[in-house]
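Colleague: Dumping the structure here so I can ask a few things about it.
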Amino acid sequence: MVLEEIDKVAAEKGIRVIGTGDCTHPQWFKELSGKLESAEEGLFRLKKKHQRKTIWDTYAETRFVISGEISSIYSRGGKTRRVHNIILLPSIESAKKLNDELGKRGNIVSDGRPILGIDSEDLAKIIFDIEPTAMIIPAHLWTPWFGMLGSMSGFDSIKECFGEYADKIIAAETGLSSDPAMNWRLSGLDGVAMISNSDSHSPQKIGREATIFDAELSYEGIRNAIKNSSPVFLSSPRRRGFTTDRIVATLEFFPEEGKYHHDGHQACGVSMTPKETKKQKGICPACGKPVTVGVLNRVEILADIKSSAKRKGNLCTQEGRTPFYSIVQLDEIIADTLEVGIKTKKVRVVYERLIKGCGTEIGILLECAEKKLLEHADKEIVRGIIQMRKGKVKIAPGYDGEYGKIRII
């Protein structure tokens, strides 16, 4: 996960703009300062001497936006709170100022995602005082231990978490264990747009979730598109007929595949639905200790809107909301079809043949014609892609840190 590799793989995946991640870490910040150069307003590109050729023997046109994630662990209301927040910044200079300020308040050297004892509301004040156009986005919103709405250490609303700065929070990240349809059931989220990020800890995971924009290629264009895509704005009279500066759709995990969709105990191998958890009074039947309450259960607890989402294949829509596609990564589909490990040479050979012949991974997953796919892959692989587009998958839901197991039907 160095800039050179991120730049190259993002292009092959079909990602035009990607966050740098970890901008608060001094060593990584030095990498960003030395290897990136200004492109469009608020965006950066890798300097030519650092670029690597993509699978098509061309150089990437990837743009980077300065980003990071901060883990805040603090006490509020007699309860320990653990909240991860994404930050997006328009310049190297604003990141430097933020690093200087955070460095006075805690250790920003020990981890790429620093753990700081700063209340989320205080963190918002620090960031917005330095850069009024910064974006603070609650990360993996519902994750039990470190999500803003998480069952174990979060809050019940954006207002409760960010106080007087709640109105400045313009987006929330769905995370792997929830999708927008689940979030649409909470009216308290109507003021923010739903975005999705790949949360990629390795190049392979780049693009496993993403956000599709129709906007000017600039920091402000992206920021405006996010502001224009909250349900409140989408339903306003001035929004009707508005076609630019918006989020077109998001690409999502099937949420059952996420690590915290169901309740349960990983150590005991126990996975439970919300109904089963209620029947067991929140207690693990194997060890007698409280289970980790997952995302599905937490959404049910806070939801105040009945779902009216409509699904057609892997596309989900609802009036006044930004649609989304549920996807499975291409190498997962190949591995599942071939019944081999995802990191095997067999998978890589098929993957590269498809990318070289059909374009980017996201293009292949969403729109490449079946006839074109058949020119570059066996019919079983192509059938797997088409079945995914139809939403025909079978999933053993994830729970308590254990990824769900997904199979193409």
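Per-residue answers, yes or no, for (1) within 20 Å of the chain's Cα centre (by Cα); (2) more than 27 Å from residue 168 (Cβ to Cβ); (3) without any contact (Cβ under 8 Å) to a residue 24 or more places away in the chain; (4) surrounded by fewer than 18 Cβ atoms within 10 Å (Cβ to Cβ):
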residue	(1), (2), (3), (4)
186	yes, no, no, no
266	no, yes, no, yes
283	no, yes, yes, yes
292	no, yes, no, no
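Colleague: Also: Please work out if residue 33 is closer than 14 Å to residue 95 by Cα, outside the structural domain of residue 351 (by TED's automatic domain parsing), buried (at least 19 other Cβ atoms within 10 Å of the Cβ) and at pLDDT 95 or above. So that I can check it myself, show each step before the final result.
Modeller: Working: closer than 14 Å to residue 95 by Cα: yes; outside the structural domain of residue 351 (by TED's automatic domain parsing): yes; buried (at least 19 other Cβ atoms within 10 Å of the Cβ): no; at pLDDT 95 or above: yes.
In short, no.
Colleague: Could you say whether any residue in the range 377-389 is in a loop (DSSP other than H, G, I, E, B) and out of contact with any Ser or Thr (no Cβ under 7 Å at 6 or more places or on another chain)? Full working, then the answer.
Modeller: Looking only at the range 377-389, we keep the residues that are in a loop (DSSP other than H, G, I, E, B), and these are 377-378.
Restricting the remaining residues to those that are out of contact with any Ser or Thr (no Cβ under 7 Å at 6 or more places or on another chain) gives 377-378.
Yes.
Colleague: Right, something else. Pairs, please: C-beta under 6 Å, at least 6 apart or cross-chain, first residue buried (at least 22 other Cβ atoms within 10 Å of the Cβ) and in the range 316-331, second hydroxyl-bearing (Ser, Thr, Tyr)?
Modeller: Hits for this filter: 322/229; 324/250.
Colleague: What pairs can you find where one residue is in the range 102-116 and among the small types (Gly, Ala, Ser), the other is assigned to a helix (DSSP H, G or I), and their Cβ atoms are less than 9 Å apart, with a gap of 6+ or different chains?
Modeller: That search, which allows pairs on different chains as well, returns 103/26; 112/28.
Colleague: So, in the range 1-27, exactly how many residues are surrounded by fewer than 21 Cβ atoms within 10 Å (Cβ to Cβ) and out of contact with any strand residue (DSSP E or B) (no Cβ under 9 Å at 6 or more places or on another chain)?
Modeller: Counting residues in the range 1-27 that are surrounded by fewer than 21 Cβ atoms within 10 Å (Cβ to Cβ) and out of contact with any strand residue (DSSP E or B) (no Cβ under 9 Å at 6 or more places or on another chain) gives 5.
Colleague: Restricting attention to the range 46-55, does a residue exist that is under 28 Å from residue 96 (Cβ atoms), in the same structural domain as residue 17 (by TED's automatic domain parsing) and of a type in the set (A, V, I, L, M)? Let's see the steps before the verdict.
Modeller: Within the range 46-55, the subset under 28 Å from residue 96 (Cβ atoms) is 46-52.
Filter once more, keeping what is in the same structural domain as residue 17 (by TED's automatic domain parsing): 46-52.
Next, only the ones that are of a type in the set (A, V, I, L, M) stay: 46.
Yes, the range 46-55 contains at least one residue that is under 28 Å from residue 96 (Cβ atoms), in the same structural domain as residue 17 (by TED's automatic domain parsing) and of a type in the set (A, V, I, L, M).
Colleague: Of the residues that make up the range 24-40, is at least one within 22 Å of the chain's Cα centre (by Cα) and of a type in the set (Val, Ile, Thr)?
Modeller: Yes, the range 24-40 has at least one match.
Colleague: Shifting gears a bit: Name the helices (runs of 4 or more DSSP H) wholly inside the range 230-335 in which the number of residues that are outside the structural domain of residue 362 (by TED's automatic domain parsing), modelled with pLDDT of 95 or more and within 24 Å of residue 200 (Cβ to Cβ) is 1 or more. Let's see the steps before the verdict.
Modeller: Numbers: elements: 231-234, 274-279, 295-302.
Ranges flagged: 295-302.
Colleague: State whether one or more residues within the range 162-184 are more than 18 Å from residue 322 (Cβ to Cβ), out of contact with any Gly (no Cβ under 8 Å at 6 or more places or on another chain), without any contact (Cβ under 8 Å) to a residue 24 or more places away in the chain and of a type in the set (A, V, I, L, M, F, W, C).
Modeller: yes
Colleague: Okay, moving on. Test each condition in (1) of a type in the set (S, T, N, Q); (2) without any contact (Cβ under 8 Å) to a residue 40 or more places away in the chain; (3) over 29 Å from residue 274 (Cβ atoms) for residue 360 and report the one that comes out false.
Modeller: Going through the list (1) of a type in the set (S, T, N, Q); (2) without any contact (Cβ under 8 Å) to a residue 40 or more places away in the chain; (3) over 29 Å from residue 274 (Cβ atoms), residue 360 breaks only (2).
Colleague: For the subset of the range 295-315 comprising residues that are closer than 21 Å to residue 327 by Cβ and among the polar types (S, T, N, Q), which member is surrounded by the most Cβ atoms within 10 Å (Cβ to Cβ)?
Modeller: 314
The values are calculated or read from the model by the stated rules, or taken from the named source; none is laboratory data. Model, not experiment: these values are computed from the prediction. Quick reminder, even Gly has a Cβ in these numbers, built from the backbone with ideal geometry, and neighbours come from all protein chains shown.
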